[in-house]
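To start, the structure under review is shown below, and the notes come after it.
The values are calculated or read from the model by the stated rules, or taken from the named source; none is laboratory data. For clarity, every value in this text was computed on a predicted model and none was experimentally measured. Heads up, the Cβs are rebuilt from the backbone with ideal geometry, glycines too, and the neighbour counts pull from every protein chain shown.
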Amino acid sequence: MRISEKPVAARLKELGVELRAGVSLSEKTSLGIGGTTDELLLRRFDTIPEVMRLLANEKIPHRFLGGGTNVLIDDGELPWVVLHLPTSQPGMRVEGNAAYVDAAADLGGMVTFCAKHDLGGMEGLIGVPGSVGGALRMNAGAYGTQIGSYVREVELYRVASGEIETVRGNDIRFDYRHTSFAPDDVMLRVKLELPSKPFKEILAGIRVCNEKRRASQPLNQKSAGCIFKNPAGGSAGRMIDELGLKGHRAGDAMVSDRHANFFINAGTASCADMLRLIDDVRERVHKKFGVELENEVILWKN
Ligand code: EPU
């Protein structure tokens, strides 16, 4: 969607928003897939309600993009603009056992920053790519750790009220790759409470998780992590592997030959290729195991 020639562009500029016209989102996602649209970079948290009101009044569809590591975006000219949250460096600070982190900050960066302040618990999250906001929204987890366990407060923009609100951790439900946030809540900042742990001990834990990940996941290929959620008591990766589907393709979309629940872009895969592969694998799993796999990757398609 192109808005740079519209009067609203000048209003957005007054609010400190930087507009980048015609950006290919394939450069913004870990899958290397995604069409083209205008991109809006927000510079200040306090202008968010006004920017959002403006976009709503002008009927400009929009979506917030975080790290782009768990999203599959449609091909071609996209019917919405993409928003990016304000970032600062390092975007996080520690006070006692509390860490205050911007949603746009890097998740792995947060784990190491806290480690350097002798705050641990999140070692398992070290290799999970993406932003803190994305991790919060879907309660990212790995190796027995999930971010939700440490959340004490989330500051968010709530579309329903048009305000920035602070929600207490106890009032949020964090389930397996799912949270009770409203779908259009925009994560802004989080307060975490973390256990004290010596840096050396945290580092040892981080090394173990990195090793496990390197041994089982295709880290240097373009992917969005696991494509499907694990069904209760089962493993999507194991089922797909048992069907002999490693290396199975639809165009340049391919089931990783390292971990069968990672689908990779082996060249110039389109969103359509990836969707064909997802549907094909889902059907085969259903036929063989009677299990309907649910996407873990978030699909941006109208
Ligand atoms: N397996 C196979 N073949 C494969 C892949 C896995 O047989 O190709 C078997 C493994 O040998 C193991 C079992 O399946 O016995 C489970 O595999 P793994 O330990 O790799 O874990 P997973 O359940 O596939 C989950 C998360 C990952 C997370 C790891 C480590 C989901 C959907 N996936 O994977 O998260 O990194 O555990 O904690 O919950 C993600 O969310 O994007 C993601 C990668």
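Listed here are the residues, each with its yes/no results for (1) under 26 Å from GLU211 (Cβ atoms); (2) of a type outside the set (Val, Ile, Thr); (3) within 12 Å of the ligand (Cβ to nearest atom); (4) modelled with pLDDT of 95 or more.
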residue	(1), (2), (3), (4)
VAL128	yes, no, yes, yes
GLY133	no, yes, no, yes
VAL154	no, no, no, yes
ALA160	no, yes, no, no
ILE172	no, no, no, yes
Does any residue in region 287-301 that is at pLDDT below 95 come within less than 7 Å, Cβ to Cβ, of a residue that is within 15 Å of the ligand (Cβ to nearest atom) six or more places away or on a different chain, and which pairs are these?
none
I'd like to verify a number: residues in region 183-222 that are β-branched (Val, Ile, Thr), closer than 24 Å to ALA103 by Cα and surrounded by fewer than 16 Cβ atoms within 10 Å (Cβ to Cβ), how many?
0
Mind checking which residues of region 141-189 are under 17 Å from GLY130 (Cα atoms) and assigned to a loop (DSSP other than H, G, I, E, B)?
TYR143, ARG177
If you go through region 162-177 one residue at a time, do you hit one that is within 15 Å of PHE64 (Cα to Cα) and among the charged types (D, E, K, R)?
no
Among LYS246, LYS191, LYS288, LYS200, which is among the basic types (Lys, Arg) and closer than 30 Å to ARG158 by Cβ?
LYS191
If you go through region 1-27, how many residues are among the aliphatic types (A, V, I, L, M), surrounded by fewer than 21 Cβ atoms within 10 Å (Cβ to Cβ) and not in a loop (DSSP other than H, G, I, E, B)?
6
Quick check: anything in region 89-97 more than 20 Å from the chain's Cα centre (by Cα), under 25 Å from LYS197 (Cβ atoms) and in contact (Cβ under 8 Å) with a residue 40 or more places away in the chain?
yes
Please indicate, with yes or no, whether at least one residue in region 171-181 is touching a Lys or Arg at 6+ places or on another chain (Cβ under 6 Å), surrounded by fewer than 15 Cβ atoms within 10 Å (Cβ to Cβ) and polar (S, T, N, Q).
yes
GLY251 modelled with pLDDT of 95 or more and touching an Asp or Glu at 6+ places or on another chain (Cβ under 9 Å)
yes
So, in region 231-272, of the ones that are of a type in the set (Ser, Thr, Tyr) and either near the ligand (Cβ under 7 Å from one of its atoms) or surrounded by fewer than 18 Cβ atoms within 10 Å (Cβ to Cβ) (or both), which residue ends up nearest to ALA215 (Cα to Cα)?
SER235
Can you name the residue in region 28-47 that is of a type in the set (A, V, I, L, M, F, W, C) and modelled with pLDDT of 95 or more and, of all such residues, is surrounded by the fewest Cβ atoms within 10 Å (Cβ to Cβ)?
LEU41
Spot the failing condition for MET110; the list is (1) buried (at least 22 other Cβ atoms within 10 Å of the Cβ); (2) within 19 Å of PRO198 (Cβ to Cβ); (3) in contact (Cβ under 8 Å) with a residue 60 or more places away in the chain, and only one is missed.
(3)
